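Down below is the structure, laid out as structure tokens.
The values are calculated or read from the model by the stated rules, or taken from the named source; none is laboratory data. Given the structure is predicted, the values throughout are model-derived calculations rather than measurements. Ideal geometry is used to build each Cβ from the backbone, glycine not excepted, and the neighbour counts take in all protein chains shown.
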Amino acid sequence: MRTYKVPLAVAFVVAFALTSLAAEKPRPAKPDENQPRKVWTNDDMGQLRSRGLISIAGQEAAPQATQAPASHSQAESTFPVYASRLDDPEWYAQKAADLQAELDMREEALREQQTAIALAADQRITDPGVAMDKGSPGLTPAEGVANLQAQVQETQNQLDALSDLARQHDIAPGVLRS
């Protein structure tokens with residue numbers, strides 16, 4: 001059996017050379033000590049802004065008094081602004097619509113499961129195999145119905161909680177039904 005010591009030694013030398021090259025990081029250039037430095041003051045901000053050297057993130061300052069007030073027709077066309085989404089009737093309407101759609105979907109799944117159980121018991125009609133692309137409501141048909149009923153009840157509870165929250169924030173009851 002031959003042992004190859006030369007390739008192993010070459011591999012160690014190359015690995016050592018590569019690690020030593022990686023350790024030598026480029027150093028940033030030293031700033032010129034003789035170069036004058038500029039200290040920017042608030043008086044210079046206009047000059048910097050005109051050259052595009054300042055970017056502002058966040059809210060801008062309040063508009064100056066020299067601007068004309070908004071016309072009455074402009075104020076009427078704007079949307080109302082609420083302190084919180086909990087005061088916005090449209091948010092409640094959207095949330096209620098989403099929950100109602102989810103509740104309808106879950107009730108339909110429950111009806112389908114109950115119909116399938118009734119057909120299997122009365123006429124001995126069953127689906128062959130397991131649909132792998134669909135979620136299983138439970139291991140047994142009775143567990144499946146119980147799980148679907150729990151999901152329907154959970155969604156109904158969420159709708160009731162949303163209704164209570166709307167009532168606490170003085171939202172008209174009709175908003176949730178539309």
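Looking at segment 71-109, which of the residues that are surrounded by 10 or more Cβ atoms within 10 Å (Cβ to Cβ) and either in a loop (DSSP other than H, G, I, E, B) or touching an Asp or Glu at 6+ places or on another chain (Cβ under 8 Å) (or both) is modelled with the highest pLDDT? That would be Asp88.
Would you tally the residues in segment 136-162 being in contact (Cβ under 8 Å) with a residue 40 or more places away in the chain and touching a Leu at 6+ places or on another chain (Cβ under 7 Å)? First the steps, then the outcome.
From segment 136-162, those in contact (Cβ under 8 Å) with a residue 40 or more places away in the chain are 148, 151-152, 155-156, 158-159, 162; that's our starting set.
This time we only want the ones that are touching a Leu at 6+ places or on another chain (Cβ under 7 Å), so: 148, 152, 155-156, 158-159, 162.
Here the count works out to 7.
Condition check ((1) out of contact with any Pro (no Cβ under 7 Å at 6 or more places or on another chain); (2) assigned to a helix (DSSP H, G or I); (3) modelled with pLDDT of 85 or more) across all residues:
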site: Val130; (1), (2), (3): yes, no, no
site: Gly135; (1), (2), (3): yes, no, no
site: Gly144; (1), (2), (3): no, yes, no
site: Asn147; (1), (2), (3): no, yes, yes
site: Gln151; (1), (2), (3): yes, yes, yes
site: Leu165; (1), (2), (3): yes, yes, yes
